Amino acid sequence: MDALTLGRKLARKRQEAGLTQADVAARMGTTQAAISKIESGRVLPSCLVVDRFARAIGTPMEIVFGVDPRPVSREERRRRVERVLGRDAFNPWDRDPAPVEAESLLADGLTRERFESQRVTSSSRG
Amino acid sequence: MSVSRARELLAQAGVEPDRLQRHLLVAAALREVLGREPIVVGGTAEDLYTGDVYVETDLDLCGWVSPEEHDLLRSLGFTQEGRHWFHARSKIAVEFPETTIDGDEARVVRRAVGSGIAAVIGVDDLYLDRIRQATVDERNPDSEAARAALAVALASYEEIDWRYVERLIKETERDNPPLGKPMRTAHRVVRRRLLAALKR
């Protein structure tokens, strides 16, 4: 398990308990900044710290080690990116493709017009 | 490693409808015949780790084609067009921008594709590469490099070894401050957006 995944799990449990980072920090005798570092994966907490965290939010917590994370599908990856950056966030024609690169793009129907029209649609929506 | 396997993989690439898969098949074919293992970097690696949102224009490979291998590539259907080797049947343009990857070779991932294997830069090193590129305009979260780094982070955050990323940036700050400091800034900008997105 990586620090970010663990941090997200702790953050979710805290939110479910209806507590702020400052609440948990006060109960643990630490600072809100320390909790923020743990929840954002910048610090990997020890088992003892996770135990104190669970006690602070008043909920027992199960963490399973030695299990590979669920493989992320291509569709899921795409969805995650599009949710934040929108569709067709990258226009290959902005990179001034060489003639063979242009031929390659056109062979797959990735025309300049397709990306330009998407851009127009996005800006008119915004 | 064999020429006949390379031909087989290129034939598969010639009829493969999926663009990303076609790029990987060509990479796997070249792996069969080149003396130095070519490693997929750049846009194709970005597409692999982001679910195909980047839309690369060519296949960037770290590696080296020796003068003796030029005839071999031509016999496989590649033609030299400027900085590219173009495979007309699969419509894939291949470029060798660097001989070695800027990163940890032990993190290179080998993926089965068709009847071959393609070697791809590790996701952590791809993220660092995008952050390095974002240093041209490190405070701009909307530069293409910053958005590319964010796309990798969003799509693959569980797989990125963030401690390795932090360590590499820290080492660059120490050894090469003119690069390391803007890398730190660009990473901070991208990471802030990643965490904001994960909170939603």
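Just to confirm the filter: which trypsin sites (Lys or Arg not before Pro) across segment B:12-62 are DSSP coil and have at most 16 other Cβ within 10 angstrom of their Cβ?
The qualifying sites are B:Arg36.
Note on B:Lys91, A:Lys13, B:Lys199: ascending count of other Cβ atoms within 10 Å places them as B:Lys199, A:Lys13, B:Lys91, the fewest first. At what distance in angstrom do the alpha carbon centres of segment A:3-54 and segment A:68-105 lie from each other? Between the Cα centres of segment A:3-54 and segment A:68-105 lies a distance of 34 Å.
Using a Debye calculation, one point per C-alpha and no hydration shell, please list log10 I(q)/I(0) for segment B:1-104 at q = 0.18 Å⁻¹ in order. Result of the Debye calculation: -0.81. For chain B, hydrophobic long helices are taken as DSSP H runs at least 15 Å long by C-alpha position along their axis with mean Kyte-Doolittle hydropathy of 0.5 or more; these are B:144-156.
Pairs from the list A:Lys13/B:Lys199; A:Lys9/B:Lys170; A:Lys13/B:Lys170; A:Lys13/A:Lys37 with a Cα-Cα gap above 23 Å: A:Lys9/B:Lys170; A:Lys13/B:Lys170. Placing unit charges on the Cβ atoms of the charged side chains and taking the dipole of segment A:28-112 about its Cα centre, the candidate lying farthest along the positive direction among A:Pro97, A:Ser46, A:Ser73 is A:Ser46. Taking label points 7 Å from Cα along the Cα-to-Cβ direction, A:Met1 and B:Ala11 give a separation of 5.0 nm.
The residues B:Trp162, B:Trp64, when put in order of fewest to most other Cβ atoms within 10 Å, stand as B:Trp64, B:Trp162. The residues A:Leu4, B:Leu73, when put in order of fewest to most other Cβ atoms within 10 Å, stand as B:Leu73, A:Leu4.
Looking at segment A:45-105, the chymotrypsin sites (Phe, Trp or Tyr not before Pro) that sit in a DSSP loop and have at most 11 other Cβ atoms within 10 Å of their own Cβ are A:Phe65. DSSP beta bridges fully contained in the protein assembly as shown are about 75 percent antiparallel.
For the pair A:Thr59 and A:Arg12 in one chain, pulling the backbone fully straight at 0.36 nm per residue adds 15.7 nm over the alpha carbon distance.
Model label points for A:Val67 and B:Thr99, set 7 angstrom from Cα along the Cα-to-Cβ axis, are 4.8 nm apart. Quote the FRET efficiency, to the nearest 0.05, computed for A:Ala26 versus B:Arg36 with a Förster distance R0 of 51 Å and r equal to the Cβ-Cβ distance. Once rounded, the FRET efficiency stands at 0.30.
Which log10 I(q)/I(0) values does segment B:60-181 give at q = 0.18, 0.22 Å⁻¹ under the Debye formula, counting every alpha carbon as one identical point scatterer? Debye intensities relative to I(0), on a log10 scale: -1.09, -1.31.
Computed from the coordinates by the stated procedures, all read-outs in this text should not be read as laboratory data. Since we're looking at a predicted model, the values are computed, not measured. Heads up, the Cβs are rebuilt from the backbone with ideal geometry, glycines too, and the neighbour counts pull from every protein chain shown.
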